[in-house]
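Everything below concerns the one structure shown next.
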There are 2 protein chains.
Amino acid sequence: MAKEPEEVWSGLLVEHIRPALMGRLVQGFIHNLSGPLQILSMQLEFLSFLRQKKKKLLEGVLLKGMDPDTREKLYQMLEGEDERLQNVVEQVERINQLLSAFSLKTNPDRTFIELNDFIREEIIFWEANLFFKHEVKKELSLFPSGVTVKTIYPLLRGAVDLVLCWIIDYGFDEEKVITFETRPDPSLVIAYKGTPIPQQTSVREVVRRGDPWPLYPVLAREIFQEIGNLEFKGNEAIFRFH
Amino acid sequence: MAKEPEEVWSGLLVEHIRPALMGRLVQGFIHNLSGPLQILSMQLEFLSFLRQKKKKLLEGVLLKGMDPDTREKLYQMLEGEDERLQNVVEQVERINQLLSAFSLKTNPDRTFIELNDFIREEIIFWEANLFFKHEVKKELSLFPSGVTVKTIYPLLRGAVDLVLCWIIDYGFDEEKVITFETRPDPSLVIAYKGTPIPQQTSVREVVRRGDPWPLYPVLAREIFQEIGNLEFKGNEAIFRFH
């Protein structure tokens, strides 16, 4: 039995409310995480400074007649500590990278964005989707010397996220491959194997038909039109910048 | 000019889509954060073990005729390092607490939940809303010996989150005070000063009227009815458990 459009839309809304609530809190969550992380980083830096100082002092002391066995043991222990601390610093770096990829960066002005960097960060962000992380093969075809555009970050990010969301939810067939390409025209192309992206004219039309299937790509195009032209051509989404 | 209900609902949906997308990725994000955090914790634990061992070795060495000044200096440095490491461990603990409050814990079975702990974690979670964190005064009136219920965590969490979301968005007047109370009947009461929570019968009715204002509390009641009875009485939301 076909559902009334009203029922479809209220159902869809209800389905989005709880995750939207989480989504709205994400930025504050990241903000609250960054406090302890900053203190942690500062302490680690200071610790590294203290260890340098101590090492000098110990070396002065060690030279004064410690037996070679004990000295060797001590050196090994200090090195073991240093290795572990180095690993801690690397993990903090990794955590900061994840936080950065998840930060919304809501600046509404046009800024210079390097598309290769943008794609790399976008992939880190989407790896929060464990299906995307583990099952999807990501291929990169990035223009070697980089492609810089002056554009509005949240609109670019919003449009790309919606297209990726649609591809991940509906697009793939058996083979889960996605290709990110940057071109110097300048443009950004997301290609994949599977069902073509549906062509519809507007969110209003999608709503009128009561079929939510093409909602994400259509919304992506509406978001992107302020900064460029988003074309769906079979299994390709082509983001061309004004 | 009044909008068509269809327009209201599609507008609301579009408004929720982007944050919902973030919200759906939050759990994977937390999962990806927990990897480096675990390694970091392990390294810190091993480091503390190494430092104990080294201290013993150094103490043996130090006793053998190091001059008192140098010995004092060295001890101070070691203590300085220990303090800093201790602070690093505390920050990691704080980060883990934030991650835990943000984890959805989607277990669909009834489990024992202590409501005082639940409220404390819920407040940490909502502090991701910086308005709630900085502007709202939180008052606790927790039953001293604790209140344990056997209930379904995601339903409780979902209903409480929606009620809090409504209070934060629409409920407060000038004075921003919210009180969390646990009672041994067993029940949980969220009270605040300001606009009373609207009484409506169902999500369907809200949708039919085309006015999204009472959507969150009504949805909260629908979610909660599987595990209890949620009553809105003026400025109180009373969660009674079956």
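A few notes on this one:
- Summary for A:Arg71: label point 7 Å along Cα→Cβ; distances to the equivalent points in the other copies, ascending, 2.2 nm.
- Selected from B:Ala220, B:Ala128, B:Ala101 as most flexible by GNM, with chain B as the system and alpha-carbon contacts under 10 Å: B:Ala128
- Shape category assigned to the protein assembly as shown from the gyration tensor of Cα positions, a/c cut at 1.5: oblate
- Net length available on complete extension from B:Glu15 to B:Val177 is 55.5 nm, with 0.36 nm assigned per residue and the Cα-Cα distance removed.
- Label-point spacing at A:Ser141 relative to the other copies reads 6.6 nm, in ascending order, each point sitting 7 Å out from Cα along Cα→Cβ.
- Mean residue ellipticity at 222 nm, helices only, chain A: -20000 deg cm²/dmol; runs of at least 4 DSSP H residues each add -39,500 (n - 2.57), and the sum is divided by the number of residues.
- Distant-in-sequence amide H partners of B:Gly194 (H built 1.01 Å from N, under 5 Å): B:Asp173
- Tensor-based shape of chain B (alpha-carbon gyration tensor, a/c under 1.5 rounded, otherwise prolate or oblate): prolate
- Residue-averaged beta-carbon neighbours from other chains (10 angstrom radius) around B:222-235: 0
- Computed from the Cβ-Cβ distance with R0 of 60 Å, the FRET efficiency linking B:Thr106 to A:Asp67 stands at 0.50.
- Among the GluC sites (Glu not before Pro) found in the stretch A:160-242, those both in a DSSP coil and sparsely packed, with 12 or fewer other Cβ atoms within 10 Å of their Cβ, are A:Glu174, A:Glu175, A:Glu226.
- Long pairs among B:Lys133/B:Lys193; A:Lys53/A:Lys73; A:Lys133/A:Lys233; A:Lys54/B:Lys64; A:Lys53/B:Lys133; A:Lys56/B:Lys53, criterion Cα-Cα beyond 29 Å: A:Lys53/B:Lys133
- 3J(HN,Hα) from dihedral phi, the stretch A:175-192, Karplus parametrisation 6.51/-1.76/1.60, rounded to Hz, x for glycine, proline: 8, 9, 10, 10, 10, 10, 10, 10, 10, x, 4, x, 8, 9, 10, 10, 10, 7
- Within the shell defined by Cβ-Cβ distances under 14 Å, the residues around B:Ser100 carry a net charge of -1, with Lys and Arg each +1 and Asp and Glu each -1.
- With the label put 7 angstrom out from Cα along the Cα-to-Cβ vector, B:Arg208 ends up 2.7 nm from the copy partners, going from closest to farthest.
- Long-range HN-HN contacts of B:Leu142 with modeled amide H, under 5 Å: B:Thr182
- Those residues of the stretch B:188-202 whose amide nitrogen sits under 14 Å from the label point placed on B:Glu236, 7 Å along Cα→Cβ: B:188-193, B:197
- Shape call, the stretch B:110-241: gyration tensor on alpha carbons, a/c limit 1.5: oblate
- Of the trypsin sites (Lys or Arg not before Pro) in the stretch B:37-114, the ones in a loop by DSSP (not H, G, I, E or B) with at most 15 other beta carbons within 10 Å are B:Lys64, B:Lys105.
Just so you know, all these numbers are worked out from the coordinates, no wet-lab data involved. Just so it is clear, the structure is predicted and the values come from calculations on it, not from any experiment. Every residue, glycine as well, gets a Cβ built from its backbone with ideal geometry; the counts of neighbours run over all protein chains shown.
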